[in-house]
Number of protein chains: 2
Amino acid sequence: MRIARFTDGTEPAFGVVEGSVETGEATVATITPHPFGAFSFTGARHALGDVRLLAPVLPSKVLCVGKNYADHVREMGGDAVPQRPVLFLKPSTSVVGPGDPVALPADSDRVDYEGELAIVVGRLCRDVPAARALDVVLGYTCANDVTARDQQQADGQWTRAKGHDTFCPVGPWIETDLDASDLAIRTTVDGELRQDSRTKLLVHDIPSLIAYMSAAMTLLPGDLLLTGTPAGVGPLNPGQTVAVTVEGIGTLTNPVVAR
Amino acid sequence: MRIARFTDGTEPAFGVVEGSVETGEATVATITPHPFGAFSFTGARHALGDVRLLAPVLPSKVLCVGKNYADHVREMGGDAVPQRPVLFLKPSTSVVGPGDPVALPADSDRVDYEGELAIVVGRLCRDVPAARALDVVLGYTCANDVTARDQQQADGQWTRAKGHDTFCPVGPWIETDLDASDLAIRTTVDGELRQDSRTKLLVHDIPSLIAYMSAAMTLLPGDLLLTGTPAGVGPLNPGQTVAVTVEGIGTLTNPVVAR
């Protein structure tokens with residue numbers, strides 16, 4: 001099931017996307033109250049092309065892992081994959097939806113895309129054993145961990161570099177019926193392939209990440225867990241379009257503008 | 001004015017604390033809907049001792065600065081105060097209120113208190129000039145940036161070390177009428193003085209921090225901005241009580257337990 005958040009010009013709502021997106025026949029059926037528990041259909045249905053998709057969740061936190069594909073660690077000049085996941089947070093104010101512009105701040109000379117698979121937490125949880133980690137997952141979406149590379153290197157702590165407004169595009173929707181252990185993940189800039197990997201290459205896999213993250217802090221419904229980016233990161237420039245595709249989910253596309 | 005968040009056993013509410021806390025005559029007068037705009041008194045009033053104080057805000061983010069007192073930079077073995085503020089985030093799940101226990105996780109051998117002055121953001125803002133920074137401040141409270149020192153050193157990124165549940169006690173209330181530019185700040189453990197400084201010694205002062213932070217990301221009403229800790233940090237052990245006092249605000253007291 002594909003769960004989207006959208007607006008038809010009035011209040012934002014959650015809905016289930018049905019039908020083929022490729023043929024332009026997809027519709028979104030409004031649900032209430034939200035997907036983090038039992039929900040019902042309101043009966044309203046829109047053509048997908050008639051609504052504006054929003055970030056599929058409003059997370060209380062975006063908890064991320066760095067250096068989680070070995071080839072990306074190498075391209076960043078690192079010598080070893082970290083034994084433990086390297087955790088960092090992006091603020092909720094960085095989250096935008098599909099189609100929303102990524103705005104490059106004037107105080108950075110180098111802003112990179114980082115295509116990632118994102119886990120959407122389905123329930124409040126803490127100390128989740130890896131063997132039961134998938135029980136707390138509502139589904140998966142695409143994310144772009146946009147990063148001001150120069151600020152990341154200058155600051156040491158990554159918060160500013162990864163925390164600018166618009167630096168966390170997510171979407172286009174949450175796929176709830178998916179085995180995410182071996183999916184193709186690709187990032188393009190203006191249609192040109194830049195990142196091309198598979199989630200089976202995650203150093204710390206999805207159950208391990210959920211176990212580690214939930215041992216460090218309580219996870220809440222709607223929280224986003226970003227699983228790291230593969231090799232191929234590179235700069236974004238105003239006027240370009242960046243797209244992150246995860247097999248079985250869809251494509252998250254965002255234009256790039258100067259702030 | 002002192003604005004608290006509290007419960008009398010039913011729904012949490014905001015209220016204004018009036019009268020002398022020292023003599024035990026203080027009361028809290030319930031306000032509605034919240035302090036981030038015009039509010040009114042409901043007419044309900046409780047003795048302060050009859051209610052349980054909660055964290056005075058539920059922040060969308062807790063944005064913090066490291067290395068912002070020169071003497072603390074020196075005690076941590078640092079050689080130079082950073083030219084720019086070092087920003088990091090604590091998750092909202094780390095926030096607890098006055099009297100709530102700080103729970104030491106089993107996977108750390110060294111958890112430190114870090115007493116700090118916290119700014120409470122009063123309105124949505126971005127790119128706030130330093131000259132107008134105080135316009136976006138609702139008030140100030142006390143905070144404890146509890147840190148698993150061993151994890152901070154092992155991870156490089158500080159998110160896990162500073163992000164455990166209960167690692168961000170704040171309170172006891174928000175003081176809205178305060179010049180915070182030169183206040184005494186003190187931390188005690190079991191009544192013994194451990195940190196003793198003044199906010200005039202902040203490397204990056206309050207207007208500069210607000211300008212810098214709001215240039216990096218949008219700030220929302222209720223967001224907490226922690227201003228850094230002075231020298232004297234040290235470990236907490238189960239059974240101890242840690243207290244952070246900021247002149248003109250009050251004292252934030254928390255027991256320490258093993259998780």
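The values are calculated or read from the model by the stated rules, or taken from the named source; none is laboratory data. Fair warning: this is a prediction, and the values are worked out from it, not measured in the lab. Cβ sites come from the backbone with ideal geometry, for glycine too, and all protein chains shown count toward neighbours.
Only a single criterion out of (1) surrounded by fewer than 18 Cβ atoms within 10 Å (Cβ to Cβ); (2) in contact (Cβ under 8 Å) with a residue 40 or more places away in the chain; (3) of a type in the set (A, V, I, L, M, F, W, C) is not satisfied by A:F39, namely (2). Looking only at the range B:107-141, residues that are free of Cβ contacts under 8 Å to residues at least 60 places away in the same chain and either within 14 Å of chain A (Cβ to nearest Cβ) or surrounded by 22 or more Cβ atoms within 10 Å (Cβ to Cβ) (or both) come to 2 in all.
Which count do you get for residues in the range B:5-36 that are hydrophobic (A, V, I, L, M, F, W, C), over 23 Å from B:D135 (Cβ atoms) and touching a residue at least 40 places away in the same chain (Cβ under 8 Å)? Of the residues in that region, 3 qualify.
Taking B:G66, is it closer than 23 Å to A:S92 by Cβ, small (G, A, S) and buried (at least 24 other Cβ atoms within 10 Å of the Cβ)? Judged against the criteria, B:G66 is a match. Every condition in (1) within 14 Å of chain B (Cβ to nearest Cβ); (2) under 18 Å from the mean Cα position of the chain (by Cα) holds for A:N144 except the one numbered (1). On the stretch given as the range A:152-166, residues that are assigned to a helix (DSSP H, G or I), under 13 Å from A:A103 (Cα atoms) and at the interface with another protein chain (Cβ under 8 Å from one of its Cβ atoms) total 1.
Annotation note: of A:G77, A:G99, A:G115, the sole residue that is modelled with pLDDT of 95 or more, on the phi > 0 side of the Ramachandran plot and not β-branched (V, I, T) is A:G99.
Checked against the criterion of being in contact with a strand residue (DSSP E or B) (Cβ under 9 Å, 6 or more places away or on another chain), under 26 Å from B:M217 (Cβ atoms) and not aliphatic (A, V, I, L, M), the range A:178-192 has at least one qualifying residue. Residues satisfying the criterion are absent from the range B:176-198 (criterion: within 14 Å of chain A (Cβ to nearest Cβ) and assigned to a strand (DSSP E or B)).
Residues in the range B:208-253 that are assigned to a helix (DSSP H, G or I) and of a type in the set (S, T, N, Q): B:S208, B:S214. Among the residues that make up the range A:114-125, is at least one of them under 21 Å from the mean Cα position of the chain (by Cα), over 19 Å from A:S208 (Cβ atoms) and part of a strand (DSSP E or B)? For the range A:114-125, residues under 21 Å from the mean Cα position of the chain (by Cα), over 19 Å from A:S208 (Cβ atoms) and part of a strand (DSSP E or B): present. Residues in the range B:26-62 that are among the hydroxyl-bearing types (S, T, Y) and either at pLDDT below 95 or part of a loop (DSSP other than H, G, I, E, B) (or both): B:S60 alone. Scanning the range A:204-236 for residues that are of a type in the set (A, V, I, L, M) and more than 14 Å from chain B (Cβ to nearest Cβ) gives A:I206, A:I210, A:A231, A:V233, A:L236.
Among the candidates B:P82, B:P98, B:P169, the residue that is outside any helix (DSSP H, G or I), farther than 25 Å from A:S92 by Cβ, touching a Leu at 6+ places or on another chain (Cβ under 7 Å) and not aliphatic (A, V, I, L, M) is uniquely B:P98.
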